[in-house]
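The values are calculated or read from the model by the stated rules, or taken from the named source; none is laboratory data. Quick caveat: nothing in here was measured; it's all calculated off a predicted structure. Note that each Cβ is placed from the backbone with ideal geometry, even for glycine, and that neighbours are counted across all protein chains shown. Note: accessible area is taken over every heavy atom of the protein model, side chains too, but ligands, DNA and RNA are not part of it. Shrake-Rupley method; radii C 1.70, N 1.55, O 1.52, S 1.80 Å.
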Amino acid sequence: AANFRETKDIEPIAAQMGDVFSKLFFDGEADKLPPFTAIALFEEFKELTPVGPKGDEMIRKLADRLAAVDLLDRASDLLRQQVRFRLQGEEKARVGFRNGILQMLNRNPQGAIDALAESEAPGISPELEQKRRYLKARALAEMNKVEEAIALIGEDTNSDALLLRAEIYWDKQNW
């Protein structure tokens, strides 16, 4: 479309390309393709990604698919781009949290901390804030910063906090 702007029927053709791209990556048609083919198609035509919530969801679905086939770095890159350029507020914090989880699965605790830091947003729900705090504590513990991790959990007596505290002490053999 960019190379043939002067062509008379370029707008309907571009719209059709966008529709096909949406069917592939939003409606799940790309799930029938091998993962590398799906990511190659996405990269080749990513300018067809719709602006707004539909495009954001499309990117997250692709990231989930990449993570499912252990392409964690590539999935993380997609989520990081969303955080940096497309999202704000609660959704930015939520996608940053998902990226942090991918980093932990990829055995990169510093990457998880970085993902959480770059996706900070004011006014997020207490539930999401708590999940983000627990993930950061887990990452700190993985980096042998046990005192910082325990301090981050603080006096929280929530069952998840108690379990996390116990896991950290158990992993570090601090009986």
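The table that follows gives values for the structure above.
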{"item": "Residue list for region 133-148, restricted to those being surrounded by 18 or more Cβ atoms within 10 Å (Cβ to Cβ) and of a type outside the set (S, T, Y)", "result": "L135, K136, A137, R138, A139, L140, A141, E142"}
{"item": "Residues located in region 149-162, provided they are of a type in the set (A, V, I, L, M, F, W, C), surrounded by fewer than 16 Cβ atoms within 10 Å (Cβ to Cβ) and under 17 Å from R132 (Cβ atoms)", "result": "A151"}
{"item": "Failed condition for P50, given (1) surrounded by 14 or more Cβ atoms within 10 Å (Cβ to Cβ); (2) assigned to a helix (DSSP H, G or I)", "result": "(2)"}
{"item": "Residue list for region 131-153, filter: assigned to a loop (DSSP other than H, G, I, E, B) and touching a helix residue (DSSP H, G or I) at 6+ places or on another chain (Cβ under 8 Å)", "result": "M143"}
{"item": "Some residue of region 113-130 being assigned to a loop (DSSP other than H, G, I, E, B), among the small types (G, A, S), open to solvent by 20 Å² or more (accessible area, probe 1.4 Å) and over 23 Å from P50 (Cβ atoms)", "result": "yes"}
{"item": "Qualifying positions in region 76-96 - open to solvent by less than 70 Å² (accessible area, probe 1.4 Å) and either hydrophobic (A, V, I, L, M, F, W, C) or in contact with a Pro (Cβ under 6 Å, 6 or more places away or on another chain) (or both)", "result": "L78, L79, V83, L87, A93, V95"}
